[in-house]
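To start, the structure itself, in structure tokens.
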Amino acid sequence: MKLDFNRVTEFVMGDAQADRVVPPTGFTASLTVFSAGAMAFLAVFALALSMATGRLADRWGSELARSSTIRISAPEGQIAAQTAATLKILETTKGVASARALDPDEQRALLEPWFGPDLPVDTLPIPQLIEVVEEGEGFDAGGLRLRLSAEVPGAILDDHTRWRRPLVSAATRLRMLGYISILLIGAATAAMITLAANAALAANTQVIGVLRLVGARDSYIAQAFVRRFTLRALTGGAVGTVAAGVAVFLLPAAQEDGGFLTGLGFHGWQWLWLLVIPPLAATVAFAATQAAARKTLKDTP
Amino acid sequence: MGAEVIELENVAYSYGGGELLSDISLKLQAGSFHFLTGPSGSGKTTLLKLCYGALMPTAGEVRLFDTDVRTMERDDIADARRRIGVVHQDCQFLDHLTVADNISLPLMVSGRDLLGESANLKELIGWVGLKARADALPPELSGGERQRAALARAIIMSPDAVLADEPTGNVDWEMSQRLLRLLIELNRMGKTIMVATHDLALIRAAKSHVQARVLRISNRRLQLAGADL
């Protein structure tokens, strides 16, 4: 469909005379601006949630897919020997880029969130962890498990798939929920603006009658209402978007050891998505009012 | 006299299960003057509405400018209404606009340049004697002023026909004579006029100034009124 810029410009600039034929309607004006503003505010948060979960899903998916862990659970005297044997096996395993045993400080850091900073790692029977970084298409996990079970009985391979899949799946679904929320917000906006437009049309039955009497076409009458509601939704949408943008901007920044929520927000070019919301609110209002006006005018003799 | 501006052929109109008008045939030729009379509730307003496409006949045919209204799109009917000025019984103004804006409403909705038409508008407002009331709001007008403003609005597009529904219903005798003179003047300019009224004195007064046909609705049918009118 070719966009007629002249018509769009005409619509935006408006007709000062035509705008005056419909009297100002107090409560529907406030209702439309408020609804559009509130919905735009919610849409920004839904969008931020979608973006954040999208980033998480990507990060978890890609980062975890490239690394695995081998846990050496052996009697204290055998841990060092089994660790060395495991590292030797990994050196010759196809698809393994590097492998290294975590030192006690690193293991303490891993356990610190659960047991506190003063954990005596040296005195506890904690298994040794080996971090394995993959390359190319990765290694054959099944084959490596078999080899380890034969040569290093205390070594257990964890390729993260067991817990990575549900996490990535949860993040992906959360992102989907964000998108569905945006759709629902759009639909709710359309419903509210339709109600407001219907109320305005019903309140102006006499105006419609007079305009018809003097030869106004339905498109002229509809446009007087549609333009008004579209501009109100654009205004409300802009205010709601700016307010929500500021709120998201003021959220605590994502930290290395922070949780999921601290990463909620937009990164870089993703802020540009906010520019889409007010015109989208206006488009929803345009379509909703146009449909309501056309139906009302069709049903009015 | 020329071609038919509005033509009704065997028209009937029913509403709520009852027939309000039956077998109505009427030709309004260009430049003609008609009075439509009959008791209250006889269907005068309904017949006028059929004449400008505000109602669709339930039987028969209504032709506006040689086109059957049933074949007309809504936009075509709107366009036809720009050629038929209507003076409603209750005037029907937009109360938030001034008298001048209400009178120029047909120009606005047809997309005409109001600046270019401002001289005509002033002249018309002067012609109906509302120069001093141009900036007033409709609720501030008297009955006679409202009727004159409605008449001015009806003719600002220089329509082919003017249909007036009880234009003198809410005004005194002097004002009704003034409105009548305006309608007669319009007719002399070549406009087709039809006035629905139950005011027989008005019709008698008009007949000495203009050659008018007087039609009466009786028992849902249209008849030519007797010689007493």
extent check for the protein assembly as shown: Cα max minus min per principal axis, descending, whole Å, gives 133, 47, 36
With 10 Å bins from 0: P(r) over chain B, alpha-carbon pairs, percent: 8, 33, 37, 19, 3
Find the centroid of the Cα atoms in the stretch B:26-55 and in the stretch B:60-116, then give the distance between the two in whole Å. 17 Å
Taking the Cα centre of each part, how many Å lie between the stretch A:37-90 and the stretch B:166-229? 92 Å
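How long are the three semi-axes of the equivalent ellipsoid for chain A, computed from the Cα gyration tensor as the root of 5 times each eigenvalue, in whole Å, largest first?
Equivalent ellipsoid of chain A: 65, 19, 14 Å, largest first.
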Inside 10 Å of the C-beta atoms of B:76-84, what's the mean count of C-beta atoms belonging to other chains? 3
Determine the distance separating the Cα centre of the stretch A:158-195 from the Cα centre of the stretch B:139-165; give it in Å without decimals. 61 Å
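Here is the link list: A:298/B:191; B:27/B:207; B:44/B:191; B:49/B:191; B:27/B:191. Which ones come out longer than 22 Å on Cα distance?
Those over the limit are A:298/B:191.
Arrange the peptides B:82-88, A:170-176, B:14-20, A:104-110 so that the one whose residues have, on average, the most other Cβ atoms within 10 Å appears first.
B:82-88, A:170-176, A:104-110, B:14-20
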Just how large is the dipole of chain A about the Cα centre, in debye to the nearest 20, putting +1 at every Lys and Arg Cβ and -1 at every Asp and Glu Cβ? 2000 debye
Average projection area in nm² (convex hull over Cα atoms of the stretch B:108-156, one quarter of hull surface): 3.5 nm²
Whole-number D in µm²/s for the stretch A:74-153 (Stokes-Einstein; Kirkwood sum over Cα pairs; 37 °C, 0.692 mPa s): 235 µm²/s
Least to most buried among B:127, B:173, A:114 (fewest other Cβ within 10 Å first): A:114, B:173, B:127
Based on other C-beta atoms within 10 Å, arrange A:111, A:213 from fewest to most. A:111, A:213
Long-range amide H contacts for residue B:218: which residues qualify at under 5 Å (H placed 1.01 Å from N, peptide plane, sequence gap of 5 or more or a different chain)? B:223
What residue among B:140, B:73, B:61 has the largest mean-square fluctuation in a Gaussian network model of chain B, using Cα springs under 10 Å? B:73
Return the single residue from B:150, B:161, B:30 with maximal mean-square fluctuation; model: Gaussian network over chain B, springs between Cα atoms under 10 Å. B:30
Max mean-square fluctuation residue, GNM over chain A, Cα-Cα springs under 10 Å, options A:75, A:278, A:166: A:75
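Which whole number gives the average, over all residues in B:85-95, of C-beta atoms from other chains lying within 10 Å of the residue C-beta? Please report the intermediate quantities before stating the final value.
Numbers: counts 3, 3, 1, 3, 0, 0, 1, 8, 2, 10, 4.
Counting other chains' Cβ atoms within 10 Å and averaging over B:85-95 gives 3.
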What distance in nm separates the simple spin-label points at residue B:67 and residue A:102, each placed 7 Å from Cα in the Cβ direction? 8.3 nm
Of B:96, B:34, how do they rank once you tally other Cβ atoms within 10 Å and put the fewest first? B:96, B:34
Cα-based Rg / Dmax (Å) for the stretch A:123-209: 29.4, 92
Per residue, how much space in cubic angstrom lies within the convex hull of the C-alpha atoms of the stretch A:201-301? 108 Å³
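Where a number appears in this text, it was derived from the coordinates with a stated rule and is not lab data. If you're wondering where the values come from, they're calculated on a predicted model, not measured in any experiment. Heads up, the Cβs are rebuilt from the backbone with ideal geometry, glycines too, and the neighbour counts pull from every protein chain shown.
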